[in-house]
1. Treat segment 75-176 as a sphere of radius equal to its Kirkwood radius over Cα pairs and apply Stokes-Einstein at 10 °C in a medium of 1.306 mPa s; give the translational diffusion coefficient in µm²/s, rounded to a whole number.
2. To one decimal place, what Kirkwood hydrodynamic radius in Å is obtained for segment 234-375 from all pairs of distinct Cα atoms?
3. Would you look at the GNM of the chain, springs on alpha carbons closer than 10 Å, and say which of SER107, SER222, SER40 moves the most?
4. Cβ under 14 Å from ILE291's Cβ, ILE291 left aside: what net charge do those residues give with Lys, Arg +1 and Asp, Glu -1?
5. Springs between alpha-carbon pairs under 10 angstrom, Gaussian network model over the chain: which of LYS63, LYS194, LYS393 fluctuates most?
6. Can you pull a Stokes-Einstein diffusion coefficient for segment 61-130 at 25 °C (0.890 mPa s), Rh from Kirkwood over Cα pairs, as a whole number of µm²/s?
7. Starting from the Kirkwood radius over alpha-carbon pairs of segment 122-234, derive D by Stokes-Einstein at 25 °C in a medium of 0.890 mPa s and give it in µm² s⁻¹.
8. For a quick protection proxy, order the peptides 68-80, 355-367 by their average other-Cβ count within 10 Å, most packed first.
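Please treat every number below as a calculation from the coordinates, not as lab data. Nothing here was measured: the structure is a model prediction, and the numbers come from that model. Heads up, the Cβs are rebuilt from the backbone with ideal geometry, glycines too, and the neighbour counts pull from every protein chain shown.
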Amino acid sequence: MQHLIIGAGPAGVVAAETLRKADPDAAIAIIGDEPEPPYSRMAIPYYLINNIDESGTYLRDPKQHFGALNIEVVQQRVDKIDTGGKSVTLADGSSRSYDKLLVATGSRPVSPPIPGLDLPQVHSCWTLEDARNIIKLAQPGSNVVLIGAGFIGCIILEALVKRGVNLAVVETGNRMVPRMLDEKAGGLLETWCKNRGIDVHTSCSVEGISDAGDGQVEVSLSDGSKLGAALVITATGVKANTDLVADSGIEVDQGILVNRRMQTSNPDVYAAGDVAQGVDFSTGNFEVQAIQPTATDHGRIAALNMAGQGDEHHGTLNMNVLDTVGLVSCSFGLWMGVDGGDSAHLYNPEEFQYINLQFDGDHLVGASSVGKTQHVGVLRGLIESRIHLGEWKQRLMQDPTAIMEAYVACTQELSYH
C-alpha cells in the first residue's frame, strides 16, 4: 500500500504516525514544500522571543524520528494531482503514485490590497523564513506596525512586546479579536494593551505603505495619521490552500469538503487540517476550523480510514485561548449565542474581568471570558459534555462565576445514575 501525504504540518505528521501503527508494511511519504523539517507554526512566537531555537519549532526530531518509523519526508512542491492515474507531479518533474492520498496543505495568509506590501520591510508571520526576517528587523526600541488584531495577530503582538519594540496595532474591526470576543471583552483587551504602551487603532485601516528612506517606511492610516516603522507585519487572516485540487474534480467550498471519515468526493483522497471543511461539534455543520487541535484530530481519523480501520469524526469544538501581555482571554463553541437562547454576563472593567455564558435550553453551548483563567477547563468541559444543567442554569444566570460549582454538581449527579 502506497500512502502519500501532501503537507508537513501537524495534520500530516500525525497522519503519517497513525498510518505506521495501523499499516506497518505500507510505504508512507510526507511531501512538504518548505525547505525545513516538519515544524509547528504555533511555536514561531517562542522562537521570536528566543525561548527556543529553530529546532525547538520542529514537530519531531528530523534526524531520527521519521527514519525510525520508515516514513519518507520529501521537500518538494506538488504541482498537480491526477486522481484518475492516482499520482502526483512534483515541481522537479518527477511523479509519485499512491493508493491513498491525504491532502493536508493547510492555509496561507491573506493580505489586503494595500499599496506597498511588496516593500522589504513588510512581512507575514507564517513561516520560519518569515520569522528570520522579523528577528532581523524587530530590534529592541525599533518601531513596528502590526496590521490585524485577530487571534494570530495577538499571538504575534505578545512576542513583539517581549522583543522590546515600540508597537502600533491597526485593526479594521471595532475591537480586538472580533471573531473571538464581543465588544465588551474586546474593549477590555484594547484598554489593557494601551495601558501597557501599545498604540492600538481599532475601526481603522492601513491605506498605504511607502518607503521613507534609511530602511524605514511610512504607514498611512484611514484616520489620517501616519506611523513610521522599521517593520510592518500583516496578520489579516488566512485562507485554505485548496488550489492544488482545483482541477482534480474534488469538491471544494470554503475548504475541501470531507465526510465524517475525512474522505473527499474522491474515495481514495482524504483531507485534514486547515484545508479541510470538517464537522463542527457545536453546529453539526461542515466548516473550516484553522486550529492545531482540529488539525491533529483530522489527521488521526483520516489515517485510520486510509488504512481501512474505519473511524468517524464527531466534530471538534471551536476554541481559542489567548494570553495577551498577561491578560488571558478565551472563547468556546457558540460564544455569540443561538437564536432563542439565553445568556448570562459578568462585566467588571476595573478588574479586567468578563464572563459571557450562552445557553440553548439548559445546555451551555458557548462561552467567552477575560481575566478569569480558573474557568477555562470547566467551560470547555460543560460544553463538550452537553450536560443538562437543570436548576444550575438559573443559578448561573444569576451568578456566572458559579461555573465550577455547577460543573461539580452536575457531573456528580451524572455519576450517581
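1. This corresponds to a translational diffusion coefficient of 95 µm²/s.
2. Computed over Cα pairs of segment 234-375, the Kirkwood hydrodynamic radius comes out at 16.9 Å.
3. Of SER107, SER222, SER40, the most mobile in the Gaussian network model is SER222.
4. -1
5. It is LYS63.
6. 156 µm²/s
7. Using the Kirkwood radius from Cα pairs, D works out to 174 µm²/s.
8. Highest to lowest by the protection proxy: 355-367, 68-80.
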